[in-house]
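The values are calculated or read from the model by the stated rules, or taken from the named source; none is laboratory data. All figures in this text were calculated on a predicted structure; none of them were measured in a lab. Positions of Cβ are generated from backbone atoms using ideal geometry, with glycine treated the same way; all protein chains shown enter the neighbour counts. Each accessible area value is taken on the protein alone, full model and side chains, heavy atoms only, with ligands, DNA and RNA left out. Shrake-Rupley method; radii C 1.70, N 1.55, O 1.52, S 1.80 Å.
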Amino acid sequence: MECIEYVESSRLGLEGSYVVVKDADLPVKLPGESYEAKSINIFELDSIHREIDNQPHTGVVGLGGFNAVNAAKMLSVRRLKKGGLKQSLFENPSPSRPLVLIPTKPSFCTDVTPLTVVYDPSVPVYNLQYIKPQKVVIPLDLYSAGFEAERSVLSMLNPSLGRASVEEYLEFCRERAPVGLSPEFILALTVSALVGVSLEDALRTVTAPAGAEAARLAMWRKLDHFVEHSWSFYRRFLVYWGIESRSELYDRYSTLFSL
């Protein structure tokens, strides 16, 4: 279980030398060299990973939302002598230096657990990996505001989260992160990768397909492709959620996106 601390944003402070990976325009600043996390694209982060590897910082901080916390996890792994960030992540996906997350809003449980979403555009695919932070520091004032703003997204992830407290969200994440959160989230990863929409929009498409006519039509025309993608990359999660074969997965997609 991750070590979680609660503080006010005005009292945030870290001992040691850290690289700060943050979202743009955050009202919080921390000492140390900062990099903006504009995406979780494994190739876009490669140059930052190379630069950080040559610096004497003792740790990495992820400050902000989805992009910041996932990018920080990815950038915390040791860079190999050969191969870039992609090779490093798949050969040894463990932090090589202290990793601290300071989330300002819920981010599909990646903000408070080792669950890490890595986007590889060369496939394309959103890979799920597990990179454990040393600790998670939650700035209560910022996170509470972010939590309320994200309730509609949380309810798509699981209906119970639309009414949940922060503590109930944390418990949900601890329980569900090891198994991919939900079958809807797993299918949303495929939709996002193949249709080119955000994970939030993909989840909305999966949970409320009646309101996404264009996406439904696109998916219906390429249903076999979506089934093969999901089964190839997320089979163990799908089996956990009771989808035990390609044919069952095809039926699931057909039910969601039939016209």
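The chymotrypsin sites (Phe, Trp or Tyr not before Pro) found in segment 150-204 include none that occupy coil by DSSP while having at most 11 further C-beta atoms within 10 Å.
Averaging the sequence gap over all C-alpha pairs within less than 8 Å and six or more residues apart, then dividing by the number of residues, gives the chain a relative contact order of 15 percent. Non-local lysine pairs in the chain, meaning eight or more places apart or on different chains, with alpha-carbon distances under 25 Å, amount to 28. When the square roots of the Cα gyration tensor eigenvalues are ordered a ≥ b ≥ c, the ratio a/c for segment 4-179 is 1.5 or more and a/b does not exceed b/c, which makes its shape oblate. Considering only alpha-carbon pairs that sit under 8 angstrom and 6 or more positions apart, the relative contact order computed for segment 44-106 is 42 percent. Length gained on full extension, residue 7 to residue 87: 25.2 nm, using 0.36 nm per residue less the C-alpha separation.
With the dipole of the chain worked out from charges on the C-beta (+1 for Lys and Arg, -1 for Asp and Glu) around the Cα centre, which of 14, 159, 195 lies farthest toward the positive end? Farthest towards the positive end: 195.
Comparing mean-square fluctuations of 39, 155, 122 from a GNM of the chain with C-alpha springs under 10 Å, the top value falls on 122.
Computing FRET efficiency as 1/(1 + (r/R0)^6) for residue 54 and residue 240, where r is the C-beta to C-beta distance and R0 is 45 Å, gives about 0.65.
Among the GluC sites (Glu not before Pro) within segment 4-107, those in coil by DSSP and having at most 13 neighbouring Cβ atoms inside 10 Å are 8, 15, 33. Put a dot 7 Å past the Cα of residue 44, heading toward its Cβ, do the same for residue 168, and the two dots end up 3.4 nm apart.
Taking other residues whose beta carbon is less than 13 angstrom from the beta carbon of residue 243, and scoring Lys, Arg as +1 and Asp, Glu as -1, yields 0.
About the centre of its Cα atoms, segment 81-136 shows a dipole size close to 220 debye [charges on the beta carbon of Lys, Arg (+1) and Asp, Glu (-1) only; nearest 20 debye].
Share of carbon and sulfur in the accessible area of segment 60-132 stands at 48%, probe radius 1.4 Å. Relative contact order for segment 58-180: 23 percent, from Cα pairs under 8 Å spaced at least 6 residues apart, divided by residue count. Close amide H partners of residue 4, meaning residues 5 or more places away or on another chain with modelled amide H under 5 Å apart, are 136. Let me make sure I get this right: for segment 61-158, a, b and c are the square roots of the gyration tensor eigenvalues over alpha carbons, sorted descending. Under 1.5 in a/c it's rounded, otherwise prolate if a/b > b/c, else oblate. Which is it? Verdict is oblate for segment 61-158. In the full protein context, the chain carries 46 Å² of accessible surface per residue, based on a 1.4 Å probe and ignoring ligands, DNA and RNA.
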